[in-house]
């Protein structure tokens, strides 16, 4: 553990609290708090303090300041939503004159669409007419196909391609700690393939989970994080934490995370990332797992999955996301991954890059109770959406 930062509280109260991600103390905090605090912790702030070597009071002050300043977009306990609700990456073909309206509807009106991104390719290629991409979670018991058809009716989308994850190889963020990575940087061993398996919860567990995952206001970060959430769920703090720890064991809980605003220009003038690249690879049938673990071992990858792109995308089956400030450098990372796949004997029949444009991100709602309420609010019979 690094020695604790000696920061005078009195001095910090006089000076403006730095919110730039380039600030040395903020960088130390963010390198840990973005995606290193895995699972449920009774005191996640102390874990960040211990791992970063920054005094707890300073960790609280800096995260509060970055959250108020819009550098951090949200602070929350994430869930492994792929184990709680059916999910997919969805590519949408939308008439150009309807694209902005469709984007706005999915971001503002559909609580079950999470990441909403426009994407383009450098050249006209397979799937390049699919300009709108979203992540979708539909609560257990309901149909993703029906949900997408409903969104087509509401937005004017003409076609969609559902691409559920068959395996997960990498799932994280860590934009700050990925800065300056050399192309080809990777772990000594291949990544791990994680299966997607739905877990059933009781109404009592859903109630606690709903309180657990709600975003934190800056004021909530100074003190016991879970007392108010336990009261919200109508249980004691001890009972709340026991259920959260059990859900963690059942692979339902993700990480405690400070999410950076990584797409838009910040008030500080910084831009955490400038380019968001979705990489596609088509590997032979039977090689998906091996290829995914080889892609997932590369440090630049924030996400890597086995997804089936189908004929619309020339049957790509391994996908991943990488972010960076320099497009040419991201392409160097991609070339290094391609070369590595070749070196371990995995042929790639086709590959492509879809670049992110306009982007909005929100957590997808996964509660079956919320799904019924949403359907009723837009005049749709919830039972008509059952799988």
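Here are the numbers for the structure shown:
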| item | result |
| --- | --- |
| Residue 213 crowded, with 17+ Cβ neighbours inside 10 Å, touching a strand residue (DSSP E or B) at 6+ places or on another chain (Cβ under 6 Å) and farther than 16 Å from residue 253 by Cβ | no |
| Given (1) outside any helix (DSSP H, G or I); (2) closer than 26 Å to residue 83 by Cβ; (3) free of Cβ contacts under 8 Å to residues at least 60 places away in the same chain, index of the condition residue 373 fails | (1) |
| Any strands (runs of 3 or more DSSP E) falling wholly within the range 122-226 and containing at least 3 residues that are over 19 Å from the mean Cα position of the chain (by Cα) | 159-163 |
| Residue within the range 76-93 that is out of contact with any strand residue (DSSP E or B) (no Cβ under 7 Å at 6 or more places or on another chain) and farther than 22 Å from residue 168 by Cα present | no |
| Enumeration of residues in the range 107-120 that are more than 20 Å from residue 368 (Cβ to Cβ) and in contact with a strand residue (DSSP E or B) (Cβ under 7 Å, 6 or more places away or on another chain) | 107, 115, 116, 117, 118, 119, 120 |
| Test: residue 46 is over 16 Å from the mean Cα position of the chain (by Cα), without any contact (Cβ under 8 Å) to a residue 24 or more places away in the chain and in a helix (DSSP H, G or I) | yes |
| Hits in the range 90-121 (condition: more than 21 Å from residue 164 (Cβ to Cβ) and part of a strand (DSSP E or B)) | 118, 120 |
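Laboratory data are not the source of any read-out in this text; all were calculated from the coordinates shown. Since we're looking at a predicted model, the values are computed, not measured. A quick note on method: Cβ atoms are made from the backbone with ideal geometry, for glycine too, and the neighbour counts reach across all protein chains shown.
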